[in-house]
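K.L.:
Sharing a structure below in structure tokens format, with a few things to ask.
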Amino acid sequence: MIRLKNLTKIYKKGKHEVTALKNINLEVSKGSIHGIIGLSGAGKSSLIRCINRLEEPTSGEIWIDGINLMSLNNKNLRNARKRMGMIFQGFNLLWSKTVFDNIAFPLKLSRLPEAQIKERVISLLELVELSDKANSYPSQLSGGQKQRVGIARALANEPNILLCDEATSALDPKTTKQILTLLKSINQSLGITVIVVTHEMDVIKEICDYVTILEGGEIIEEGNTIDVFSKPSNEITKHFVESPNYLPKDLVDDITMSLSFMKGSAKIPIISKLIKEFDIDVNILSGQIEYIQNEPLGKLTIGISNISDNLDDIISYFESNNVKVEVITNE
Amino acid sequence: MNDILALLIPSFIETLYMIGVSAFFTILLGLPLGIILVITEKNHIMPLLKLNKFLSTIINIIRSLPAIILIILIGPFARFIVGTSIGTTAAIVPLVVAATPFFARIVETSLREIDSGIVEASISMGATPLQIIIKVLLPEAMSSIVLGITITLINILGYSAIAGIVGGGGLGDLAIRYGYHRFRTDVLIACVVLLIIIVQITQFLGNSLAKKLNKK
């Protein structure tokens, strides 16, 4: 388990001070995939880099499996880092070394016997499906292949934690999806805790069990990904998770509602029942179904015209069916 | 023809000796100096700003002195190091003093070309500063350092012509003594041709090796 306590990071540029992280308290449970998302400058990169002290926190504690990383000397910190893999947006591979030697690099740092290194690298190459590229140099690989080398290298020391700093931000959507699938399968097969920093909502939706949203160096919302997506409580979060739903003014009926279907309610014919039960006319204005970690989340905007005074009943009908309702006023 | 050869061969050997030994010590001293210049910078693996500033200033001072002044200034120091202040061996001392700061700057530039992300990744893998220097910085910059060594060798060759002042000998010295002072144009031309050949071969070997090492 990872627990950050009152983590603060202040950058000093001459006389100016910039607070990148303000009193961050964060828990990441073992074996989960935890996403950290925010706009650029929100402090998410500083946060993940503080976890292995690539960036030295100004104050606070970093507890990993019962050890406070802030209390370690250089040697013990290096050993602690070997139990955490890290992958980067720019891959950061060694250009002068082959794929094989890049993956062997952390093992050589740990002075493992050659035979053991060879065996381990070969199995890692298989894991990331790059066995045929063992003798290639990074410059001969595509972006996705480079990141897979990065992942294999990060896993070489059999870490408990994998830190991903914008690991897919330099990749195209298709390659991003492949890398995310790989991360997910590594998380499931090896039980590694994965922390993902990203500015892409799709990355969070695709693989993260939990999500933390950062804004101005502070946590503004956190929780299960599906919960945060289906009922964001913070205004900034809403802006993040909801694709802007601009309706032309003349389309907005007397009563316009934005509905979020969750927890299986996307599979029930709620609207059809609504029409029959309340005898009203429903006009569907926009709708979509998103999949978050394979759970469907439906978003629907409807207009109701011939409504009597049973608005409250309609709202409670939705809520009893696990549908979150927001009434949009015509303004 | 024979008398030209008789003049050229010993001078050629003196030149190779001066360049070879000077280059050896220049790399021996300049490489660590260049590494220290980079790693002691702010935000690198061993920030020691005062040391960095100090070394940088010393290097700039030595590099500001013209080679001819350096050779005269360094005479007493050469006697202290190699036991004499004249002759080919004595000439090596000022050559090393002149070339080391130059080479250190070249190493510094080569190491700076390495993406800081690579160093960061190594830190995240638990590498020690020494491991980062030996296993990351040097291999990553090797192609560029080889080109730097090539430039330095050719530079030393240039300096070595001036070494005639302290009786250093060599092709440059021969060209001045026979070709210029005694109006032996044939000796002058032979020296220059030989110097051109040395430079061409050095540059060719340096370029090929650097190209082979460059995997980027």
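K.L.:
Out of all the residues in the stretch A:56-71, which are buried (at least 17 other Cβ atoms within 10 Å of the Cβ) and either touching a residue at least 24 places away in the same chain (Cβ under 8 Å) or in contact with a helix residue (DSSP H, G or I) (Cβ under 9 Å, 6 or more places away or on another chain) (or both)?
P.N.:
Within the stretch A:56-71, A:P57, A:G60, A:I62, A:I64, A:L69 qualify.
K.L.:
Which of the residues that make up the stretch A:6-33 are of a type in the set (S, T, Y), within 18 Å of A:L54 (Cα to Cα) and touching a residue at least 24 places away in the same chain (Cβ under 8 Å)?
P.N.:
A:T8, A:T19
K.L.:
State yes or no: is B:R177 buried (at least 16 other Cβ atoms within 10 Å of the Cβ), within 22 Å of B:L7 (Cβ to Cβ) and basic (K, R)?
P.N.:
Judged against the criteria, B:R177 is a match.
K.L.:
Every residue in the stretch A:92-125 that is surrounded by 18 or more Cβ atoms within 10 Å (Cβ to Cβ), more than 8 Å from chain B (Cβ to nearest Cβ) and in contact with a helix residue (DSSP H, G or I) (Cβ under 8 Å, 6 or more places away or on another chain), please.
P.N.:
Residues satisfying the conditions are A:V99, A:F100, A:N102, A:I103, A:A104, A:L107, A:I117, A:R120, A:V121, A:L124, A:L125.
K.L.:
Taking the criterion of being of a type in the set (A, V, I, L, M), at negative phi and in a helix (DSSP H, G or I), would at least one residue in the stretch A:287-306 satisfy it?
P.N.:
So far as the stretch A:287-306 goes, no, none of its residues is of a type in the set (A, V, I, L, M), at negative phi and in a helix (DSSP H, G or I).
K.L.:
Counting only residues that are more than 16 Å from B:L137 (Cβ to Cβ) and in contact with a Phe, Trp or Tyr (Cβ under 7 Å, 6 or more places away or on another chain), which one in the stretch B:1-56 is surrounded by the fewest Cβ atoms within 10 Å (Cβ to Cβ)?
P.N.:
Once the filter is applied, the top-ranked residue is B:L7.
K.L.:
In this structure, is A:L26 closer than 25 Å to A:N76 by Cβ, in contact with a Cys (Cβ under 9 Å, 6 or more places away or on another chain), away from every other protein chain (no Cβ under 14 Å) and assigned to a strand (DSSP E or B)?
P.N.:
Considered against the rule, which asks whether it is closer than 25 Å to A:N76 by Cβ, in contact with a Cys (Cβ under 9 Å, 6 or more places away or on another chain), away from every other protein chain (no Cβ under 14 Å) and assigned to a strand (DSSP E or B), A:L26 comes out as no.
K.L.:
Tell me the helices (runs of 4 or more DSSP H) entirely within the stretch B:121-214 that contain at least 2 residues that are within 14 Å of another protein chain (Cβ to nearest Cβ).
P.N.:
Passing ranges, in order: B:138-162, B:185-213.
K.L.:
Go through B:I86, B:I92 for me and flag whichever is assigned to a loop (DSSP other than H, G, I, E, B), modelled with pLDDT under 95 and over 30 Å from A:D165 (Cα atoms).
P.N.:
The unique qualifying residue is B:I86.
K.L.:
Of the residues A:L7, A:L47, A:L39, A:L26, which single one is touching a helix residue (DSSP H, G or I) at 6+ places or on another chain (Cβ under 7 Å) and in the same structural domain as A:I62 (by TED's automatic domain parsing)?
P.N.:
Going through A:L7, A:L47, A:L39, A:L26 in turn, the sole match is A:L7.
K.L.:
Among (1) in contact (Cβ under 8 Å) with a residue 40 or more places away in the chain; (2) of a type in the set (A, V, I, L, M); (3) farther than 20 Å from B:V166 by Cβ, there is one condition B:L49 misses while meeting the rest; what is its number?
P.N.:
B:L49 satisfies all of (1) in contact (Cβ under 8 Å) with a residue 40 or more places away in the chain; (2) of a type in the set (A, V, I, L, M); (3) farther than 20 Å from B:V166 by Cβ except (1).
K.L.:
Oh, and also: Please state which of the following conditions B:V136 fails to meet, knowing it meets all the rest: (1) over 21 Å from the mean Cα position of the chain (by Cα); (2) closer than 25 Å to B:L31 by Cβ; (3) at pLDDT below 95.
P.N.:
Only one criterion in (1) over 21 Å from the mean Cα position of the chain (by Cα); (2) closer than 25 Å to B:L31 by Cβ; (3) at pLDDT below 95 is unmet by B:V136, namely (3).
K.L.:
Any idea which residue in the stretch A:72-91 is nearest to the other protein chains (Cβ to nearest Cβ), counting only those that are buried (at least 22 other Cβ atoms within 10 Å of the Cβ) and of a type in the set (A, V, I, L, M)?
P.N.:
For the stretch A:72-91, the residue satisfying everything is A:M86.
K.L.:
Restricting to helices (runs of 4 or more DSSP H) lying wholly in the stretch A:129-223: which have 2 or more residues that are farther than 19 Å from A:M86 by Cβ, within 14 Å of chain B (Cβ to nearest Cβ) and of a type in the set (S, T, Y)?
P.N.:
In the stretch A:129-223, no matching helices (runs of 4 or more DSSP H) lie anywhere.
K.L.:
All but one of (1) modelled with pLDDT of 85 or more; (2) within 35 Å of the chain's Cα centre (by Cα) hold for A:M257, so report the exception by its number.
P.N.:
With (1) modelled with pLDDT of 85 or more; (2) within 35 Å of the chain's Cα centre (by Cα) applied to A:M257, the lone miss is (1).
K.L.:
Does any residue of the stretch B:97-115 turn out to be surrounded by 22 or more Cβ atoms within 10 Å (Cβ to Cβ), within 30 Å of A:D165 (Cα to Cα) and of a type in the set (A, V, I, L, M, F, W, C)?
P.N.:
Yes; the residues of the stretch B:97-115 include at least one that is surrounded by 22 or more Cβ atoms within 10 Å (Cβ to Cβ), within 30 Å of A:D165 (Cα to Cα) and of a type in the set (A, V, I, L, M, F, W, C).
K.L.:
If you don't mind, another one. With respect to A:S316, determine if the residue is assigned to a helix (DSSP H, G or I), closer than 26 Å to A:V228 by Cβ, small (G, A, S) and not assigned by TED's automatic domain parsing to the domain that holds A:D202.
P.N.:
yes
K.L.:
Out of all the residues in the stretch A:57-65, is one or more in a loop (DSSP other than H, G, I, E, B), more than 14 Å from every other protein chain (Cβ to nearest Cβ) and out of contact with any Ser or Thr (no Cβ under 7 Å at 6 or more places or on another chain)?
P.N.:
yes
The values are calculated or read from the model by the stated rules, or taken from the named source; none is laboratory data. As the structure is a prediction and not an experimental result, all values here were calculated from the model. Here Cβ is always computed from backbone atoms with ideal geometry, including for glycine, and neighbour counts include all displayed protein chains.
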